[in-house]
Structure formats: C-alpha cells, structure tokens
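Below: one structure, written as structure tokens.
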Amino acid sequence: MLYIIPDYYKEFQCIAGDCEDTCCAGWQIVVDEKSLGRYRKVRGSFRRRMLKSVNWRHKTFRQNEDRRCAFLNDNNLCDLYSDLGRESLCRTCRLYPRHIEEFEGVREITLSVSCPEAARILMNRMEPVTFLTVEREGEEEYPDFDPFLYSKLLDAREVLIQILQNRDLPLKVRTGLLYGIGRDMQRRINHQELFSCDEVLEKYKKPEATEFVFGKLAQNKNKYEEQYHFSREMFGKLYELEILKEDWYVQLRETELRLYARETPEEYAEMTKEFQMWMAESELPWEIQKEQLLVYFIFTYFCGAVYDGQILSKVQMAILSVQLLEEMVKACWLRNERILVMEDIIDLVYRYSREVEHSDINLRRMEKLMPHYHKLYD
Ligand code: SF4
C-alpha cells in the first residue's frame, strides 16, 4: 500500500483546550462499528454516560441543542478522552483532521484545513509544498477501479501542481492554465480520448499557452461589469449550500452586503484594486497563501475524478473556492477599516472549509454550481 502525504503533515499537533474552535461541534460524528462494540462493553461509573451519549441506532454521538458533542465539556475538552484515554476515541475522532482519499492500493492523506491549527500551518507555509510517499505492506483490489484513468489523473495532477507552484508567473496566469488543462482534459474524456490527455499536458507546458492566458486576462482586464456580476452571482451560490453553522449564514450576509449591495461595478473594481495594493504592501503573503490553498484543493480532490470522470468540476471547485475566500477576505478587510492580520485569514479558511468540505451534500452541490465558470476564461 502506498501512502502519499504533504511534507508538513507531521508538524500537526492538536492544541485541544487552546483551540479557538472545536472539532466536536457543528457536525455529526459517525462512530465506527469497532468503537461501538467497545463502548457497549464500558462498565463502571462512565457506563451510564456512555449509554446516554451515543445514538446507537444512527451510530453517532448525541449532541446538545448547540450541536456540541455530548462528551464535550465546557472547557472544550473531551470527557471520553479524559476518562477512558486516547484509545477510547472512535475512528473519526482519532483521525481528524486527517482526510483520507482512497484509491486501489493508495491512500492519500491530507490535513483538513477545517481544523484551525492545520489551516495555521498551511497559511504560514512559505515554501512550495511537496508530497512524500511511503510504501507499507498490504495489497488490495477494487472491483470497478480504472487504474489507467487514475494514472492519467496522477500525471495531470503533477503538472497542475508544478504550474501552480511556478512563482515566476502571476497566480492569475497559473490559475488560467489550470482551468485550461481541466477543460481540455474533460473534453477528451467526454469523447473517450483518454489516450490523448498527454497531448493536453504537453500543450500547456509550452510558452504559447502561457502567452494565450496572458492575452485572455488582458482582454478581460477592464470588464468591470462582468467581473462584478460574475463574483456576485458566484457568491450568491453559497446560499444554495447546506448551512452547517448558524454563524456561517451571518458571515455570508455580511460579506454580500459589504461587497455587492452598496457598490456599483466601478466602485467594486476600485475597492478591489485598493485591496490588492494593500495586500501587496502588507506583510501577509496572500499570493502564496492562495497558491497553497489551490494546491491543497487540487491534491485532495482532483484524483477523485477516477470515480466520476468529472475533472473540470474538481479544477473549478479549487479555483472558485480560492476566489470566494478572497471575496470574504476582502469583506473582512473592509470591516476592519482596511486592515487584516494573519488570524483573520486563518479564521476564514477554516470556517469555509468546515462548511464546504465537511458536507458531502455541499461538495456535490459545489461541483454542480460550476458550469458558469467558463465566463471568465473561455
Ligand atoms: S479543531 Fe484541530 S486543533 Fe482544534 S481541537 Fe480539533 S483537532 Fe484539535
């Protein structure tokens, strides 16, 4: 079995009671069978608490009215952990914030940025991320797995990450190349021309492709109306997602009001320009942070196209997530009277990830919301 992890993986350590949030509230924690078996056998003073705190039928931990786990105490510490030890945790709690994507003979593990500490590691990371592979014993076969498509996706992902980490190019150009590869590969897959996907990758490595994207961006540079309506429309799509935490709705409304409700397209463009200038002069490495986020999304989700063939939507989801985050960062900058600190960015990143990445419904909806995306690059 091959394990692939980002090089910062081992830097993570849960900060438990010092965490500004908790991973034990706001979402359902599903308990695996093995842990349920152990929980049934708990005796002594903790038995009554255990019986009351597990929803045995739905195989989840019960939550109070604030959607906090029944084992979470007022200090944001886990009573299950304190009373019965680390080994008593269920698989979900033991693994979090590790996110595992499964492929035949391969496990790709990332640290989900829905954990503030994992987001902090990624957002403070200046060097391009690399990925490490570890081989361990164990083989497996998946009945309907397509190893050929998976190998093409791995090749493509390597090129996408190389492009994203090419800091000689503006991030907008790298993003345009990313989109172009996703779109062209999707066309080949739709026409069952998987063999020719290599040509797409070769094409996008050439300087002509970069020049083409530069040209497209130059053409769109002053289309304020379009950019404004596109951003507003895309942002509005976030309301179509399942809301996991009440305060997320407040966050969306506030961002929408600050950015779009009062501004005309020209004012919006002017404010965006000011924001970009402020960011460029600040100590915040926002261009690098966006690169790290794009690499994070592409690494985590791109190869999942082996199960549904939807390459383009994975690419679009990565690009759009970073654009939507930028809109929220911009609104936060306005709210703070045009100042931002690193913690503002970490806060938005982990909260966005919680809402979008931790709901299968939302991940599916995000992919469906994407067809409009071509307006910006085609
Ligand atoms: S969100 Fe992350 S740092 Fe906070 S308690 Fe959970 S695992 Fe620990």
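The rows are residues; the columns are (1) open to solvent by less than 70 Å² (accessible area, probe 1.4 Å); (2) modelled with pLDDT of 90 or more; (3) touching a Leu at 6+ places or on another chain (Cβ under 8 Å); (4) within 24 Å of residue 159 (Cα to Cα).
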site	(1), (2), (3), (4)
240	no, no, yes, no
247	no, no, no, no
250	no, yes, no, no
269	yes, yes, no, no
280	no, yes, no, no
287	no, yes, yes, yes
295	yes, yes, yes, yes
304	yes, yes, no, yes
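For first residues located in region 164-182 and under 19 Å from residue 199 (Cα atoms), partners that are assigned to a loop (DSSP other than H, G, I, E, B) and lie 6+ apart or on another chain with Cβ distances below 6 Å form the pairs 176/377; 179/377. Of the helices (runs of 4 or more DSSP H) lying entirely inside region 263-311, those containing at least 2 residues that are under 30 Å from residue 149 (Cα atoms) and in the same structural domain as residue 221 (by TED's automatic domain parsing) span 286-301, 305-308.
Test residue 5 against the criterion of being open to solvent by less than 30 Å² (accessible area, probe 1.4 Å), away from the ligand (no atom under 11 Å from the Cβ) and touching a helix residue (DSSP H, G or I) at 6+ places or on another chain (Cβ under 9 Å), and give yes or no. Spelling it out, it is not the case that residue 5 is open to solvent by less than 30 Å² (accessible area, probe 1.4 Å), away from the ligand (no atom under 11 Å from the Cβ) and touching a helix residue (DSSP H, G or I) at 6+ places or on another chain (Cβ under 9 Å).
Within region 9-35, the set of residues being of a type in the set (Val, Ile, Thr) and within 11 Å of the ligand (Cβ to nearest atom) comprises 15, 22. Apart from one condition, residue 17 fits all of (1) open to solvent by 70 Å² or more (accessible area, probe 1.4 Å); (2) at pLDDT below 95; (3) not in a loop (DSSP other than H, G, I, E, B); the exception is (1).
Residues of region 94-106 that are away from the ligand (no atom under 15 Å from the Cβ) and in contact with a Leu (Cβ under 7 Å, 6 or more places away or on another chain): 105, 106.
Among the residues of region 201-229, the one identified as surrounded by 13 or more Cβ atoms within 10 Å (Cβ to Cβ), farther than 17 Å from residue 323 by Cα and among the polar types (S, T, N, Q) is 210.
Of note, residue 59 satisfies the criterion of being without any contact (Cβ under 8 Å) to a residue 60 or more places away in the chain and crowded, with 16+ Cβ neighbours inside 10 Å. Within region 101-124, residues that are at negative phi have Cβ atoms under 6 Å from residues that are in a strand (DSSP E or B) and within 14 Å of the ligand (Cβ to nearest atom) in these pairs: 109/98; 110/99; 112/99; 118/111, counting only partners at least 6 apart in sequence or on another chain.
Among residues of region 348-366 that are within 14 Å of the ligand (Cβ to nearest atom), those with a beta-carbon under 8 Å from a residue that is of a type in the set (Lys, Arg) and open to solvent by 40 Å² or more (accessible area, probe 1.4 Å) at least six positions away or on a different chain give the pairs 351/245; 354/245. The selection criterion, being open to solvent by less than 20 Å² (accessible area, probe 1.4 Å), of a type in the set (A, V, I, L, M) and either touching a strand residue (DSSP E or B) at 6+ places or on another chain (Cβ under 7 Å) or under 26 Å from residue 242 (Cα atoms) (or both), does not hold for residue 361.
Beta carbons closer than 6 Å, at least 6 apart along the sequence or on distinct chains, pair a first residue in region 312-341 that is more than 18 Å from residue 269 (Cβ to Cβ) with a second that is of a type in the set (S, T, N, Q) and open to solvent by 10 Å² or more (accessible area, probe 1.4 Å) for 312/186; 319/175. Is it the case that residue 49 is surrounded by 15 or more Cβ atoms within 10 Å (Cβ to Cβ), basic (Lys, Arg) and within 16 Å of the ligand (Cβ to nearest atom)? No; evaluated as a whole, the condition is false for this residue. In region 80-89, of all residues being open to solvent by less than 80 Å² (accessible area, probe 1.4 Å) and away from the ligand (no atom under 14 Å from the Cβ), the one that is farthest from residue 13 (Cα to Cα) corresponds to 84. Residues in region 107-145 that are within 16 Å of the ligand (Cβ to nearest atom) and open to solvent by less than 30 Å² (accessible area, probe 1.4 Å): 13 in all.
The values are calculated or read from the model by the stated rules, or taken from the named source; none is laboratory data. Keep in mind it's a predicted model, so treat the numbers as computed, not measured. Every residue, glycine as well, gets a Cβ built from its backbone with ideal geometry; the counts of neighbours run over all protein chains shown. Surface areas here come from the heavy atoms of the whole protein model, side chains and all, with no ligands, DNA or RNA. Shrake-Rupley method; radii C 1.70, N 1.55, O 1.52, S 1.80 Å.
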